[in-house]
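What follows is calculated from the coordinates using simple rules that are stated; it is not laboratory data. Not measured: the values here are computed from a predicted model. Cβ: placed from backbone, ideal geometry, glycine included. Neighbour counts: every protein chain shown.
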Amino acid sequence: MKQAQVIKPGLIQYVEVEDITSKKLENNEILLKIRTIGVCGSDIHVMHGQHPAVTYPVIQGHEYGAEVVAVGVSVTKVKPGDKATARPQLVCGECSPCKKGRYNVCQHLRVQGFQAPGVAQSHFIVTEDRIVKVDNELPFDKIAMIEPCAVGAHATSQVNLAGKNVLVSGAGTIGNLIAQFAKNRGAKNVLITDVSDYRLDIARQCGIDAVQNVSDPLHEEKINRFFGEEGFQVGFEVAGVQSSLDLLLKNSEKGSEIVIVGVYADNPRVNMYYLGEHELKLIGTLMYLHEDYLEAVKAITSNRILLSPLISKHIPFDNYIEAYHFIEKEKEKSMKVIIDVE
Ligand SMILES: NC(=O)c1ccc[n+]([C@@H]2O[C@H](COP(=O)([O-])OP(=O)(O)OC[C@H]3O[C@@H](n4cnc5c(N)ncnc54)[C@H](O)[C@@H]3O)[C@@H](O)[C@H]2O)c1
Ligand SMILES: [Zn+2]
Ligand SMILES: [Zn+2]
């Protein structure tokens, strides 16, 4: 079986590893045939040697679409022939957050594709607790996007959005999906910002109420005009830059909630006096729980979340590195790149 390994930043090598297709499965194990793998910003950091929590070689692949090939004797959630994906979180089950059901922030969290081997190979074995069955009608590229959708499902579950006005700052894949989920969860008006008209146009194609390019010198006035007297009560920071956080802090209504989704290359400064005096709440969010995957599947299969505008390109597995070349070349015009594993 051929495995794609990131040997060091910038270099992917194919290594022949032990075939697992005839391995005897444990009772709770599932053998998957990997069909698609999504590439995301964290993978790009690994590729550039800028991920703080990995050591090389890295086997990538944490967002994927697969077909069930075989199941252990006690498995009931899926059967051979089903389409599926699985959560990539390996957790201890013993620490305090795990015991409270908050295993997404497990003290010993390891994520497949980063601190544990990912799925960049023809077959992969997962345990039933992390499997997520999907409708057989769903194409494999969209199945690979359940993972970023689950990030959106989780981030938007941190606050009550019903009837609220929402500003999402950053219209990359994650911001786009958060904006779509916010609408799904009953938000009144959702506005998304970016510095890229191209990405804002994709947001528009996904049905988001309003978009605003923040490189427009009049952007603050325009945002405030859009929300009018009501203002906005929830912000999602999904760009990971100081100016984006500043915009949310400065323009949200007093008492607002701001969910921090972005990962900051440079630690931002926050005026804590202003924060206290405005009774603003900053809320962290990390990855997802199993129910967020299920929520994402439901939203995708019922077409409440649109994914097609986000898929920029398919690249064959044998040419994995080309995905990164494409992303580098296309920049903002590349959203989700999918590796086709055949
Ligand atoms: N918390 C989590 O669980 C989690 C999970 C996945 C990703 N992330 C993080 O979320 C962020 C978004 O992920 P992504 O894959 O969509 O990344 P991305 O880089 O594709 O998207 C970020 C977007 O922000 C835009 N941007 C830059 N400056 C801006 C500004 N001042 N105002 C508004 N927009 C601005 C960029 O043009 C880009 O479109 C990243 O920081 C990523 O690391 C967090
Ligand atoms: Zn990802
Ligand atoms: Zn734990």
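How would you rank 249-262, 9-22, highest first, on the average number of other Cβ atoms within 10 Å across their residues? Don't jump to the answer; show the numbers that get you there.
Details: 249-262: 18.4, 9-22: 12.1.
So the peptides 249-262, 9-22, ranked by packing, come out 249-262, 9-22.
For residue 23, give me every one of the lysines with a C-alpha distance below 21 angstrom, ignoring sequence neighbours fewer than eight places off in its own chain.
Qualifying lysines at Cα under 21 Å: 2, 33, 77, 79, 83.
Any idea how far the Cα center of the range 126-185 sits from the one of the range 1-54, in Å?
23
Which three extents, in whole angstrom, do the alpha-carbon atoms of the range 173-231 cover along their principal axes, largest first?
Cα spread of the range 173-231 along its principal axes, largest to smallest: 29, 28, 15 Å.
Work from the charge dipole of the chain (Cβ charges, +1 for Lys and Arg, -1 for Asp and Glu, about the Cα centre) and give the residue of 300, 243, 11 farthest towards its positive end.
It is 300.
Which whole-number percentage describes the relative contact order of the range 151-284, with Cα contacts under 8 Å and a sequence gap of 6 or more?
Taking the mean separation of contacting Cα pairs over the length of the range 151-284, I get 23 percent.
For the chain, compute the orientation-averaged projected area of the C-alpha convex hull (one quarter of its surface), in nm².
That works out to 17.2 nm².
I'd like the FRET efficiency for residue 332 and residue 96, computed as 1/(1 + (r/R0)^6) with the beta carbon distance as r and R0 of 41 Å, rounded to 0.05. List each step's numbers first, then the result.
Numbers: r = 41 Å, r/R0 = 1.00.
Once the sixth-power term is evaluated, E becomes 0.50.
Once label points are set 7 Å from the Cα along Cα→Cβ at both residue 76 and residue 1, what is their separation, rounded to one decimal in nm?
Rounded to a tenth, the inter-label distance reads 2.7 nm.
How many angstrom lie between the C-alpha centres of the range 61-99 and the range 252-304?
26
Report the label-to-label distance for residue 318 and residue 283 in nanometres (one decimal), using points 7 Å from each Cα along the Cα→Cβ vector.
4.8
Along the charge dipole of the chain, Cβ charges K/R +1 and D/E -1, which of 25, 285, 69 sits furthest on the positive end?
Positive-most Cα among the choices belongs to 25.
Quick one: how many lysine pairs does the range 151-284 have with C-alpha atoms less than 17 Å apart and a gap of 8 or more or different chains? Give me the count, please.
On the way: 164/183; 164/188; 164/254; 164/281; 222/250; 250/281; 254/281.
So the count works out to 7.
Rounded to the nearest 500, what is the 222 nm mean residue ellipticity of the chain from helices alone, with -39500 (n - 2.57) per DSSP H run of 4+ residues and division by all residues?
-8000 deg cm²/dmol
Once you have the Cα-Cα distance between residue 22 and residue 301, take 0.36 nm times their residue separation minus that, and quote the gain in nm to one decimal.
Additional length available on full extension: 97.2 nm.
Counting DSSP beta bridges in the chain, what percent are antiparallel, to the nearest 5?
55
Explain nothing, just the number: dipole magnitude of the chain about its Cα centre with +1 on each Lys and Arg Cβ and -1 on each Asp and Glu Cβ, in debye rounded to the nearest 20.
For the chain, the charge dipole is close to 520 debye.
In debye, nearest 20, what is the charge dipole magnitude of the range 105-149 about its Cα centre with +1 on Lys and Arg Cβ and -1 on Asp and Glu Cβ, if you could check?
Dipole of the range 105-149, to the nearest 20 debye: 200 debye.
Need one number: nm distance between label points at residue 325 and residue 273, each 7 Å from Cα along Cα→Cβ, rounded to one decimal.
Modelled inter-label distance: 5.5 nm.
If Lys and Arg each add +1 and Asp and Glu each add -1, what is the summed charge of the other residues whose beta carbon sits under 10 Å from the beta carbon of residue 318?
Charge balance in the 10 Å sphere: -2.
Kindly state, to the nearest 0.05, the FRET efficiency for residue 342 paired with residue 242, given R0 = 51 Å and r defined as their beta-carbon distance. Please report the intermediate quantities before stating the final value.
Details: r = 43 Å, r/R0 = 0.85.
With a Förster radius of 51 Å, E is 0.75.
Would you please put 214-227, 232-245, 122-135 in order of how densely packed they are, using the mean number of other Cβ atoms within 10 angstrom per residue and starting with the highest?
With the highest mean Cβ count within 10 Å placed first, the list reads 232-245, 122-135, 214-227.
Looking at 85, 98, 109, which one has the Cα that reaches farthest to the positive end of the dipole of the range 1-154 (charges on Cβ: Lys, Arg +1; Asp, Glu -1)?
Going by the charge dipole, the pick is 98.
What angle, in degrees between 0 and 90 and rounded to the nearest 10, separates the Cα long axis of helix 320-330 from the longest principal axis of the Cα atoms of the chain?
Compared with the principal axis, the helix lies near 20 degrees.
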